[in-house]
Amino acid sequence: MSDRVEAPLAVQTGALRAVLWDMDGTLLESERLWDIGMHELSLHLGGPMSDETRISTIGGPMDLAVLRTFAGLGLEPSPDEAAAAAAWLTDYMGRLFADGLTWRPGAQAALRTVREAGLGSVLVTNTERALCEVALATLGREHFDHSVCGDEVPAGKPDPAPYRRAAELLGLDPAQCLAVEDSPTGAAAADAAGCMVLVVPSLVDVPGSERRVFRSTLEGLSAEDLHELHGAGVP
């Protein structure tokens, strides 16, 4: 059952058919690894990262995170310098992912619940495919029908393209999907795509909207909860 439902009750135009999962900070405790990686990238580029810069990178695509890291240091990189920094970060994060991925509370059971309920399931992440493949070894490929990565769509979150692509892969309208997110960036992407959004905040607060419902944790999430949450707002 939801801890906090901010969306107004509305007539549901389509039954829940699928759950679309964010990865970092939603299913995995990987945002804390990204915190390490982003601070190390900043030091690699010449100086410490401010809290303001770090917050601006949470949930966003890697190319934008790299550019904001440069900007936070007062630097304007060439395309080659930005690409080299992204490659450095990918390599560093790959080593962190290989050594230290852990589940968010209730996430593993929630994935099983979706499968047992016969709902579609897609992983939707701004993380690049190479790192996502490392993470899938922990997540379990059997939990997902498809996965959509940040380097496989025209624009990453907060653009709606990743969530629209996920719904398309399932042959569904986004309104038939419940997205599960932890960040303002991800929630904005799912919201703009037309999904109902279950927000389980991780590192930063997420503002409410008519398409967003909130829980403090994925622990105890049932199939009945999923259907109720999906029907709690304007699809």
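When GLU142 is tested against (1) at pLDDT below 95; (2) assigned to a helix (DSSP H, G or I); (3) surrounded by fewer than 16 Cβ atoms within 10 Å (Cβ to Cβ), only condition (1) is not met.
Against the conditions (1) under 17 Å from LEU169 (Cβ atoms); (2) surrounded by 16 or more Cβ atoms within 10 Å (Cβ to Cβ), TRP88 satisfies every one except (1). Can you find a residue in segment 63-82 that is within 16 Å of the chain's Cα centre (by Cα), surrounded by 20 or more Cβ atoms within 10 Å (Cβ to Cβ) and closer than 30 Å to ASP225 by Cα? The answer is no; no qualifying residue exists. Restricting the first member to segment 187-210 and to residues that are at positive phi, and the second to residues that are surrounded by 22 or more Cβ atoms within 10 Å (Cβ to Cβ) and not in a loop (DSSP other than H, G, I, E, B), the beta-carbon pairs closer than 7 Å and six or more apart or on different chains are GLY194/PRO174. Of all residues in segment 109-128, one or more are crowded, with 16+ Cβ neighbours inside 10 Å, out of contact with any Lys or Arg (no Cβ under 9 Å at 6 or more places or on another chain) and at pLDDT below 95. Considering only residues of segment 197-235 that are farther than 24 Å from SER56 by Cα and of a type in the set (A, V, I, L, M, F, W, C), which is surrounded by the fewest Cβ atoms within 10 Å (Cβ to Cβ)? In this case the residue turns out to be ALA223.
When the test is whether a residue is among the β-branched types (Val, Ile, Thr), crowded, with 21+ Cβ neighbours inside 10 Å and assigned to a loop (DSSP other than H, G, I, E, B), THR185 does not pass it. Scanning segment 44-56 for residues that are in a helix (DSSP H, G or I) and either closer than 16 Å to PRO77 by Cβ or among the polar types (S, T, N, Q) (or both) yields a total of 4. For first residues located in segment 158-180 and in the same structural domain as ASP22 (by TED's automatic domain parsing), partners that are acidic (Asp, Glu) and surrounded by 19 or more Cβ atoms within 10 Å (Cβ to Cβ) and lie 6+ apart or on another chain with Cβ distances below 7 Å form the pairs VAL180/ASP22. GLY106 meets all of the listed conditions (1) assigned by TED's automatic domain parsing to the domain that holds SER216; (2) over 19 Å from the mean Cα position of the chain (by Cα) but one, namely (2). Out of all the residues in segment 61-70, is one or more without any contact (Cβ under 8 Å) to a residue 60 or more places away in the chain and in a loop (DSSP other than H, G, I, E, B)? Within segment 61-70, none of the residues are without any contact (Cβ under 8 Å) to a residue 60 or more places away in the chain and in a loop (DSSP other than H, G, I, E, B). Cβ-Cβ contacts under 7 Å between residues 6 or more apart (or on different chains), taken from a first residue in segment 115-137 that is within 23 Å of ALA193 (Cα to Cα) to a second residue that is of a type in the set (Val, Ile, Thr) and assigned to a helix (DSSP H, G or I), are listed as SER121/VAL114; GLU128/THR90. What number of residues in segment 8-29 are at pLDDT below 70 and either outside the structural domain of GLU210 (by TED's automatic domain parsing) or loosely packed, with under 14 Cβ neighbours inside 10 Å (or both)? Within segment 8-29, residues that are at pLDDT below 70 and either outside the structural domain of GLU210 (by TED's automatic domain parsing) or loosely packed, with under 14 Cβ neighbours inside 10 Å (or both) number 5.
The values are calculated or read from the model by the stated rules, or taken from the named source; none is laboratory data. Everything numeric in this text was worked out from a predicted model, so none of it was measured. Backbone-built Cβ (ideal geometry, glycine too); neighbour counts: all protein chains shown.
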